[in-house]
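Notes follow once the structure below has been shown.
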Amino acid sequence: MSNNATVIAESAAMKGILAFLTRISPADSNILLTGETGAGKEVLAKYIHNQSSRSGGVFIPVNCAAIPESLMESEFFGYEEGSFTGGVKGGKAGKFEKAHLGSMFLDEINAMSLAMQPKLLRALQEKEIERVGGAGSIPVDVRVIAASNMPLEYLTEKGLFRRDLYYRLNIITIQIPPLRERREDILPLARSFIARYNAETCRNVREISDEALAYLTDYDWPGNVRELQNVIERAMASAWGETLELSHFLKFTNRRDVFGERVYRGVDEA
């Protein structure tokens, strides 16, 4: 997987975050990224990795919410041959072994089960892991960048997240603002997505009309950067000229958005 990560930062908020990350990334401290879903936490995690002394190593992203609880230990720590039915011959290395001398991004860490949390804590504190079914410890040197879309401090108060693990992850915390609070980033982000989909689909989109741009910048983007990316992709699916018009954005949406004094429900009402 490529470690390349381009961070769009035209807003003062994002420029400030990048300046801070540039200063602290060379240190080996664990970092906790917080913010709404889709705000761009993985992109920032890759940026941290690329700015660190580990940039020559691997960057391993893990979505904690996507791993079944029954498989989480073997996914993180690996297993020895014969540990359970269906395992591969010779056993398998886990995420920690694969990330040795590199960085691991634990997305949605708030979704990790209470049963798994003390095992992760031990790996972070002792810098060693034990494969499922293994008889000995394996040293690992991994920098962890975690992300949560829920306040971990609140979850610790409710008994849903271990306080000691929270303190281990929360050495440095970065709060990523939602896209609606950094509207200066909307147009450059949109242009970066247009460039990507031009290359992928052999299109030649060059501009966004003023009316379409006003539509994009007035919207609050509850899905943040991820939603903007999806909207640009959908718009380009119907655009054959060099300009994205308002109709291209409305064609595939049933969303009611106030645009000036008019309400759009779909392209036929535009």
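The values are calculated or read from the model by the stated rules, or taken from the named source; none is laboratory data. Source: prediction; values computed, not measured. Note that each Cβ is placed from the backbone with ideal geometry, even for glycine, and that neighbours are counted across all protein chains shown. In case anyone asks, the SASA skips ligands and DNA or RNA and just uses the protein heavy atoms, side chains included. Shrake-Rupley method; radii C 1.70, N 1.55, O 1.52, S 1.80 Å.
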Accessible area (Å², per residue) of the chain, counting only protein heavy atoms and a probe of 1.4 Å: 50
In Å², nearest 10: area of Thr37 left accessible to a 1.4 Å probe: 70
Accessible surface ranking that places the most exposed of Ile67, Ile186 first, with a 1.4 angstrom probe: Ile67, Ile186
Taking the C-alpha atoms of region 57-100, convex hull volume expressed per residue in Å³: 73
Relative contact order, percent, region 91-240 [alpha-carbon distance under 8 Å, six or more residues apart]: 21
Largest to smallest accessible area among Asp185, Asp220, Asp210 [probe 1.4 Å]: Asp210, Asp220, Asp185
List Ser74, Ser137, ordered by accessible area with a 1.4 Å probe, largest first: Ser137, Ser74
Size of electric dipole in region 100-184: Cβ of Lys, Arg +1 and of Asp, Glu -1, about Cα centre, debye, nearest 20: 60
Quotient of C-alpha Rg and 2.2 N^0.38 Å, computed over the chain: 1.17
Under 5 Å, built H, 5+ apart or other chain: amide partners of Leu33: Ala146, Ala147, Ser148, Ile174
Helix 186-201 vs. the chain, principal-axis angle (Cα, 0 to 90°, nearest 10): 80
Vicinal HN-Hα couplings computed from phi for region 38-55 (Karplus, 6.51 cos²θ - 1.76 cosθ + 1.60; Hz; Gly/Pro x): x, 7, x, 5, 5, 4, 5, 4, 5, 4, 4, 4, 5, 8, 9, 5, 9, 4
Under 5 Å, built H, 5+ apart or other chain: amide partners of Glu128: Val140
Percent RCO, i.e. relative contact order, over the chain, from Cα pairs under 8 Å lying at least 6 residues apart: 21
Whole-Å distance, taken between Cα centres, linking region 159-221 and region 109-139: 33
Region 158-211 - charge dipole about Cα centre, Lys and Arg +1 at Cβ, Asp and Glu -1, debye rounded to 20: 440
Computed magnitude of the charge dipole of region 112-252 (debye, nearest 20; Cβ of K, R +1, Cβ of D, E -1): 620
Vicinal HN-Hα couplings computed from phi for region 109-126 (Karplus, 6.51 cos²θ - 1.76 cosθ + 1.60; Hz; Gly/Pro x): 4, 5, 8, 5, 5, 4, 5, 7, 4, x, 6, 5, 4, 4, 4, 6, 7, 8
Carbon plus sulfur fraction of accessible area for the chain, probe 1.4 Å, in percent: 48
Positive minus negative residues near Gln51 (Lys, Arg vs Asp, Glu; Cβ under 13 Å): +3
Average Cα contact separation per residue, region 1-140, under 8 Å, 6 or more apart, as relative contact order %: 24
Solvent-accessible area of Lys92 with every protein chain in place, 1.4 Å probe, in Å² to the nearest 10: 80
Region 44-163 - Rg over Rh from alpha carbon coordinates, Kirkwood radius: 0.97
Surface/4 of the Cα convex hull for region 31-70, nm²: 3.7
J(HN,Hα) series, region 97-106, from Karplus relation 6.51 cos²θ - 1.76 cosθ + 1.60, nearest Hz, glycine and proline x: 5, 5, 8, 3, 6, x, 10, 10, 9, 9
Calculated FRET value between Val88 and Ala66, using beta carbons and R₀ = 22 Å, to 0.05: 0.65
Surface accessible to a 1.4 Å probe, Trp221 within the full protein complex, Å²: 0
In region 40-126, lysine pairs closer than 22 Å at Cα, eight or more apart or cross-chain: 8
Given charges at Cβ of Lys, Arg, Asp, Glu: region 129-199 dipole, positive-most of Leu179, Tyr154, Phe193: Phe193
